[in-house]
1. For region 404-436, give me the residue count where each residue is more than 24 Å from Gln367 (Cα to Cα), outside any strand (DSSP E or B) and of a type in the set (Lys, Arg).
2. Taking Trp396 as the residue in question, decide whether it is within 13 Å of Ile461 (Cβ to Cβ) and either in contact with an Asp or Glu (Cβ under 8 Å, 6 or more places away or on another chain) or buried (at least 16 other Cβ atoms within 10 Å of the Cβ) (or both).
3. For Ile42, only one of the following conditions fails: (1) part of a loop (DSSP other than H, G, I, E, B); (2) more than 21 Å from the chain's Cα centre (by Cα). What is its number?
4. Any residue at all in region 161-176 that is touching a residue at least 24 places away in the same chain (Cβ under 8 Å), open to solvent by 80 Å² or more (accessible area, probe 1.4 Å), part of a helix (DSSP H, G or I) and within 30 Å of Asn32 (Cβ to Cβ)?
5. Give the number of residues within region 45-74 that are hydroxyl-bearing (Ser, Thr, Tyr), more than 20 Å from Pro89 (Cβ to Cβ) and either in a strand (DSSP E or B) or open to solvent by less than 40 Å² (accessible area, probe 1.4 Å) (or both).
6. Return a yes/no flag: does region 345-361 have any residue that is in a loop (DSSP other than H, G, I, E, B), modelled with pLDDT of 80 or more and surrounded by fewer than 16 Cβ atoms within 10 Å (Cβ to Cβ).
7. Collect the residues in region 225-239 that are touching a strand residue (DSSP E or B) at 6+ places or on another chain (Cβ under 9 Å) and surrounded by fewer than 16 Cβ atoms within 10 Å (Cβ to Cβ), keeping them in residue-number order.
8. How about region 278-297: which of its residues are of a type in the set (Lys, Arg), over 17 Å from Leu319 (Cβ atoms) and buried (at least 20 other Cβ atoms within 10 Å of the Cβ)?
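The values are calculated or read from the model by the stated rules, or taken from the named source; none is laboratory data. Since the model is a prediction, treat every value here as computed from it, not as a measurement. Counting neighbours? That spans all protein chains shown, and the Cβs are built from the backbone with ideal geometry, glycine included. Surface accessibility is based on the protein's heavy atoms, side chains included, excluding ligands, DNA and RNA. Shrake-Rupley method; radii C 1.70, N 1.55, O 1.52, S 1.80 Å.
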Amino acid sequence: MWYPTWALQRPDVSPDVPTQAVGADGRVVATNRMAAEAGIGIGMRRRSAEAVCPAVRTVVQDLSAEMEGFEPIVACIEGIVPRVEIIHPGTMLVPMAGAVKYYGGEGSLVERIDKELEVFGGGHRIGVGLGPFASQHAARSTSDEHPTLIVDDDERFLLDMDISAIGSEDLAATFRWLGITTLGALAALPRDALVSRFGRQGMEAHRIALGIDRTVDPRDIPQDPKVASRFDPPIQDMEQAWFVARNLSHRLIDGLSGHGVAPHRVIVTAEAADGTVRKRSWRSADPFDDRTLADRIRWQLKAWVDGVSAGIRGGLVSLVLEPGDLSGAGRQMVLAEDPKSFEEAQRALMEVQAIAGSDNLLVAVEQGGRDPSQRVQWSRWGDDPTPPERDRGAPWPGRIPGPAPALVPPRRVPFQVSFVDGVPEQVRLRTRWVPVLSWAGPWRHLGRWWDGEGSADRYQIVTSAGAYLCEVRDGSSYLIGVYD
């Protein structure tokens, strides 16, 4: 079950203004009708979406608040079908096998769920399939006019689906290069050949194309892998509960990693001081790590504590994490790979971008050009890099030879250089003159004469205080680069 616009279910969003919700990675996760009609699609980069519709209003996704609002819906569904699994706020998996027999068929069960959800205002989509992959794509294939899709044959349903559905952009690009553009074409390939060429990734992609969801690798794991903590006196402070959840997540993932496995599903059980026990199951397509698991526990606890149907009265007396669907998939790393450090760096950059603004954290891409300032193209961190405007492989006659300056000012800075018979002798640094130890040049730069720009000479100058790239234009010298 999926709410396409759940990230926009907030009081500060108006249906009369084109609005998009953007996730931490800078991609669009939800749009209202006006934004969608303007051409904004899910997965677009924020900058691209704003270029398509300059009038769009952007809100940043708040997963904690979203889970608080989603909790009553999850509780409602669990009153009909137990063991609901949350993928993220707004999306859940509902195991139907037992309930279908009780309600007399898939259609009857879906009708019952629809009726129960009317009190929450609608807007949900339901996809039914044999496995999570097919059911999620079935839900995303629905429309406002037909909000439910029941798939009778997973393999046939996936036949014409684009190859990008496998989830790996690099692998999908390779398949396209080989002429494999749909899941049906991938399913028709020999499995042994895919495994031989692409390894585990190829095997998982082939299973998806056949409509067969991931199976758990058999591993030697502890008999009781769950972790738990009890608290006396009960925990009343949310920050303290979040700290405990983070420690429990680390204990669970660290303990399982020693056996070469990680969970795709974790059941969170919380007991309140009044004896109430709340239980919720979370699922991830990729194995949980301690950070992502801790985030979901924090969202869940906040939803229980602050939500309408508060279930942690009197404080938290115990917290239990029970892993499920243990798998070794995704755990094999390349030599010298450090995924935890990479994740920490990504989180730090996200925090910096949130504080400084999306336009103040930039990424450089090398391109062609004569001047050092022309050889770099900037784009916002998190956005898809803009293709270089200038070809690096072009000859670029008159370009300054390497190495490139470590610092290039955004505009020319006045820089006093003393020349004797055309040879640089001294450089003025603040209040003192420093002798030139060595130099190279000049390189003649012919300006855009059609725009009124004159010619100039460039010099590389080395002093005891540092190395500089300077430009002499119309009898004056300027600093245009500093070498490291």
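1. The initial filter retains those residues of region 404-436 that are more than 24 Å from Gln367 (Cα to Cα), namely 414-436.
Going one step further and asking which of them are outside any strand (DSSP E or B), we end up with 415-416, 421-422, 430-431.
Among the residues that remain, those that are also of a type in the set (Lys, Arg) are: 430.
Qualifying residue count, region 404-436: 1.
2. Working: within 13 Å of Ile461 (Cβ to Cβ): no; either in contact with an Asp or Glu (Cβ under 8 Å, 6 or more places away or on another chain) or buried (at least 16 other Cβ atoms within 10 Å of the Cβ) (or both): yes.
Considered against the rule, which asks whether it is within 13 Å of Ile461 (Cβ to Cβ) and either in contact with an Asp or Glu (Cβ under 8 Å, 6 or more places away or on another chain) or buried (at least 16 other Cβ atoms within 10 Å of the Cβ) (or both), Trp396 comes out as no.
3. (2)
4. no
5. 0
6. Restricting attention to region 345-361, the residues satisfying the condition of being in a loop (DSSP other than H, G, I, E, B) are 357, 361.
From what's left, modelled with pLDDT of 80 or more: 361.
Going one step further and asking which of them are surrounded by fewer than 16 Cβ atoms within 10 Å (Cβ to Cβ), we end up with none.
No, every residue in region 345-361 fails to be in a loop (DSSP other than H, G, I, E, B), modelled with pLDDT of 80 or more and surrounded by fewer than 16 Cβ atoms within 10 Å (Cβ to Cβ).
7. So in region 225-239, the residues touching a strand residue (DSSP E or B) at 6+ places or on another chain (Cβ under 9 Å) come out as 225-236.
Listed by number, the residues that qualify are Ala228, Arg230, Asp232, Pro233, Gln236.
8. Step one: filter region 278-297 for residues of a type in the set (Lys, Arg), giving 278-280, 283, 291, 296.
Applying the additional criterion that residues be over 17 Å from Leu319 (Cβ atoms) yields 283, 291.
Across region 278-297, the qualifying residue is only Arg283.
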